[in-house]
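Asks: Below is the structure I would like to discuss, written out as structure tokens.
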Ligand code: MN
């Protein structure tokens, strides 16, 4: 777990360690702008505000994101919270960094309000609005640090933010294959959303770590020796402790029987290539008897999120049961960073993707390689990537997400909320500014419809620009009813005349 308060010196060290010939000036300049802009501002934790963007930048540098992303991390709150404008950022740092900051700022409108039926829409909107996947990495790092300092927030805010992480952020990290980020976000949020359960699971884990700690480190030594003697050259062996939220979910599936869970603490072996993965598996099985039915070959058959490893569980020394996970360094990086692995800074002079607007397609392409698998198709179905292409997602002033086709107008929005609101709408506000009813809406806008309760029926001219079937049908219905009403009046009128 990273510390809560981080300094520019630390960021400097991380950058120097993780990058070859980094442009330190860029990072320093971004820091100076952030520090000046947030001058005097203090977080609820009592720390100077700038410690927050610095922590975000540190995380991004640890993930080896391109330095533009790290710089954008430093600047991610200046446009929203200070006098600095987007134009200032662009002037000093160029359009790439300015675009990143702009997108992160816009994503702030996405709030989860607890209506389950909107959760999937929220995830979609979140993804659709981040036209560039690097924006999502910044947002994750931002949210992670906010969770670390959540203790200083009022209780209702803690609850909302943590729940939003479990419902929106962590599932997206998971779909992008970012195992490390998903695990960190979930465990941080778990403590706030389900505090009792969190304490319970944590005490189980603490007990197990005390029981097994000495034994596991001896086991790791034995494994090191086994691989050395087996002639494996470059390898790493280390213990991997299961994440608390993931243990919580697994325990629920196993009727809370912790003795049935063998991967509380696992041994992870990282080797150079696929051949060695299988060699090491053979060595382990020669030395220790494997548990039947527990050998899983995710190398030949990766999981839908691209996860690859060999898993086996063996009766180790003194009959202790130990799970092993064997993988190459590449598989390890894909597991930890997922799609972000493809955007990581590479030393080999390979051109890093600076700005990739086609990341959704790229993600699809990566997943298509696994297209024969049923699980994959289900996963794709969940992602509904095709939906992004022609949908937009706008918000009500309360933050509810309304899903509309591209080209939709405030009238479509009004009918999507309620027929009466559509029938009686007279004008609209988009992001608090008055707008015509035929204005084409864009993802992320906050739309408010102004209604006139004396208005009898919609304007037939709206048919010229509405995009949704729903709006079209309702406007026609109303027009028909109006005609009938008029005829009825005429007929009623003539009846009256007769009576006279
Ligand atoms: Mn922030």
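Asks: Compute the distance from the alpha-carbon center of the stretch 289-344 to that of the stretch 176-221, in whole Å.
Replies: Here the answer is 18 Å between Cα centres.
Asks: Give, in nm to one decimal, the length gained when the segment between residue 258 and residue 294 is fully stretched (0.36 nm per residue of separation minus the Cα-Cα distance).
Replies: Length gained between residue 258 and residue 294: 11.2 nm.
Asks: With the contact rule set at Cα under 8 Å and sequence spacing of 6 or more, what percent relative contact order holds for the stretch 8-193?
Replies: 17
Asks: Sorting 212, 453, 108 on the 10 Å Cβ count, fewest up front, what's the list?
Replies: Least crowded to most crowded, the residues run 453, 108, 212.
Asks: Could you calculate the contour length gain from residue 436 to residue 42, that is, 0.36 nm times the residue separation minus the distance between their Cα atoms, to one decimal place in nm?
Replies: Residue separation times 0.36 nm, minus the Cα-Cα distance, leaves 137.8 nm.
Asks: OK, next. At q = 0.10, 0.12, 0.21 Å⁻¹, what log₁₀ I(q)/I(0) does the stretch 196-343 have when each alpha carbon counts as one equal point scatterer in the Debye sum?
Replies: -0.36, -0.53, -1.43
Asks: Sort 297, 96, 257 by Cβ crowding within 10 Å, fewest neighbours at the top.
Replies: Lowest count first: 257, 297, 96.
Asks: Something else: What is the Å³ per residue value for the convex hull set by the Cα atoms of the stretch 8-193?
Replies: Once divided by residue count, the hull of the stretch 8-193 is 114 Å³.
Asks: If I model a spin label as a point 7 Å beyond the Cα along the Cα-Cβ vector, how far apart are those points for residue 453 and residue 418 in nm?
Replies: For residue 453 paired with residue 418, the spin-label model returns 1.1 nm.
Asks: Quick one: compute a quarter of the convex hull surface over the Cα atoms of the stretch 1-74 and quote it in nm².
Replies: The Cα convex hull of the stretch 1-74, projected and averaged over all directions, gives 4.6 nm².
Asks: Put one equal scatterer on each alpha carbon of the stretch 126-221, apply the Debye formula with no solvent term, and list log10 I(q)/I(0) at q = 0.14, 0.17, 0.21 1/Å to two decimals.
Replies: For the requested q values the scattering log ratios are -0.63, -0.82, -1.02.
Asks: Follow-up question, since we're still on this one. At a 10 Å Cβ-Cβ cut-off, how would you order 439, 223, fewest neighbours first?
Replies: Arranged by neighbour count, lowest to highest, 439, 223 become 439, 223.
Asks: Let me ask something else. What span do the alpha-carbon atoms of the stretch 191-236 cover on each of the three principal axes, reported in whole Å from largest to smallest?
Replies: 48, 21, 8
Read the figures in this text as sums done on the coordinates, not as results from a lab. Since this is a predicted model, take the numbers as computed values, not measurements. Neighbour counts run over all protein chains shown; Cβ positions are idealised from the backbone, glycine included.
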